[in-house]
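The structure appears below as structure tokens.
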Amino acid sequence: MTARSRVAQVAAMLRSPGPWLFLAGLELLFMVHLSEMLYPGYSISEDYISDLGVGPMPSSAVFASAVILFGVMVIVAASLFRKRGKRSMIWLLLLLSGIGAIGVGVFDMDSWPWIHRVSALLAFLFGNLAALHSHRFVRPPASYMFAILGLIGLSALALFGAGVYLGLGIGGMERMILYPAMCWAIGFGAYLSAREDEA
């Protein structure tokens, strides 16, 4: 393969939403775990995920930049979905989730509590709605798995809002909202990338 064909292949890949979603989910999961390791005494059960954004350096900087980068990549994926002109509204769900994620990174929970909470709700709600919605145009068994991930995330969001943590703690239940959405982003991104290769 020549250098020119490699460049063309990479350019074609970046015009697909799949790689953007795959990298976004992978990046956020990795960087959140890195932030947890850099935060002395942090509890994944008793502390909010967003406590990482107001913790000591470098944990707070890693978390904030990771969430903002995630939001940007999700918005890029949303715009690529929109350009394809499909009737599916997944692009709008992704756009709202990406905007929420950027808001979480920019407006920390101590300095901007209400903006932060609204941003987190946008990210969590619309990210898991996108997972649930995606099952309509994905082949089984992936369609079933994506629907289940979306339902788990949305159910956890409802329990979290009601203050029911099922013994997991605040942080544990919050992760039951986040992890399904990130697993979906990685899985759906890989699925779309594979379909592009088949085309």
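Applying the selection to the range 22-43, what residues are assigned to a helix (DSSP H, G or I) and either modelled with pLDDT under 95 or surrounded by fewer than 16 Cβ atoms within 10 Å (Cβ to Cβ) (or both)?
First, the residues of the range 22-43 that are assigned to a helix (DSSP H, G or I): 22-38.
Correct list: PHE30, HIS33, MET37.
Just give me the residues in the range 44-60 being within 21 Å of the chain's Cα centre (by Cα), assigned to a loop (DSSP other than H, G, I, E, B) and of a type in the set (A, V, I, L, M, F, W, C), in sequence order.
As a first pass, look at the range 44-60 and keep what is within 21 Å of the chain's Cα centre (by Cα): 44-45, 47-54, 59-60.
Now restrict to residues that are assigned to a loop (DSSP other than H, G, I, E, B): 44-45, 47-48.
Matches in the range 44-60: ILE44 only.
Could you check the range 152-172 and list, in sequence order, the residues that are surrounded by fewer than 17 Cβ atoms within 10 Å (Cβ to Cβ), assigned to a helix (DSSP H, G or I) and among the aliphatic types (A, V, I, L, M)?
Passing the criteria: ALA158, LEU159.
Quick test for you: out of ARG136, ARG175, pick the one residue that is surrounded by fewer than 18 Cβ atoms within 10 Å (Cβ to Cβ) and outside any loop (DSSP other than H, G, I, E, B). Give the steps one after another, and end with the answer.
Details: ARG175 fails: surrounded by fewer than 18 Cβ atoms within 10 Å (Cβ to Cβ).
Of the residues listed, the single one that is surrounded by fewer than 18 Cβ atoms within 10 Å (Cβ to Cβ) and outside any loop (DSSP other than H, G, I, E, B) is ARG136.
Within the range 28-39, is there a residue that is in contact with a Pro (Cβ under 7 Å, 6 or more places away or on another chain) and either without any contact (Cβ under 8 Å) to a residue 12 or more places away in the chain or not aromatic (Phe, Trp, Tyr) (or both)? Outline the logic, then answer.
Of all residues in the range 28-39, those in contact with a Pro (Cβ under 7 Å, 6 or more places away or on another chain) come to 38-39.
The next check asks that each one be either without any contact (Cβ under 8 Å) to a residue 12 or more places away in the chain or not aromatic (Phe, Trp, Tyr) (or both); those that pass are 38.
The answer is yes; a qualifying residue exists.
Can you tell me how many residues within the range 144-180 are among the small types (Gly, Ala, Ser) and within 17 Å of ALA123 (Cα to Cα)?
Applying the first criterion (among the small types (Gly, Ala, Ser)) to the range 144-180 yields 147, 150, 153, 155-156, 158, 161-163, 167, 169, 171-172.
Next, only the ones that are within 17 Å of ALA123 (Cα to Cα) stay: 150, 153, 155-156, 158, 161, 171.
Summing the residues that are among the small types (Gly, Ala, Ser) and within 17 Å of ALA123 (Cα to Cα) in the range 144-180 gives 7.
Does LEU149 meet the test of being surrounded by fewer than 18 Cβ atoms within 10 Å (Cβ to Cβ) and at pLDDT 95 or above? Outline the logic, then answer.
Working: surrounded by fewer than 18 Cβ atoms within 10 Å (Cβ to Cβ): no; at pLDDT 95 or above: yes.
Considered against the rule, which asks whether it is surrounded by fewer than 18 Cβ atoms within 10 Å (Cβ to Cβ) and at pLDDT 95 or above, LEU149 comes out as no.
Looking at the range 80-131, which of its residues are within 20 Å of GLY189 (Cβ to Cβ), basic (Lys, Arg) and not in a loop (DSSP other than H, G, I, E, B)?
ARG82, LYS83
Can you confirm whether ALA185 is touching a Gly at 6+ places or on another chain (Cβ under 8 Å) and surrounded by fewer than 18 Cβ atoms within 10 Å (Cβ to Cβ)? Walk me through it before giving the result.
Numbers: touching a Gly at 6+ places or on another chain (Cβ under 8 Å): yes; surrounded by fewer than 18 Cβ atoms within 10 Å (Cβ to Cβ): no.
In short, no.
For residues in the range 76-88 being surrounded by fewer than 20 Cβ atoms within 10 Å (Cβ to Cβ) and at pLDDT 90 or above, which is farthest from LEU21 (Cα to Cα)? Spell out the reasoning first.
Quick first cut of the range 76-88, residues surrounded by fewer than 20 Cβ atoms within 10 Å (Cβ to Cβ) only: 76, 79, 82-88.
Of the ones still in play, those that are also at pLDDT 90 or above are 76, 79, 82.
Values: VAL76: 9, SER79: 12, ARG82: 14 Å.
Step by step, filter the range 76-88, then rank; the result is ARG82.
(1) among the hydroxyl-bearing types (Ser, Thr, Tyr); (2) more than 18 Å from GLU46 (Cβ to Cβ); (3) surrounded by 15 or more Cβ atoms within 10 Å (Cβ to Cβ); (4) without any contact (Cβ under 8 Å) to a residue 40 or more places away in the chain: which one isn't true of TYR191, the others all being true?
(4)
The values are calculated or read from the model by the stated rules, or taken from the named source; none is laboratory data. Since the model is a prediction, treat every value here as computed from it, not as a measurement. Every residue, glycine among them, receives a Cβ derived from its backbone with ideal geometry; neighbour counts consider all protein chains shown.
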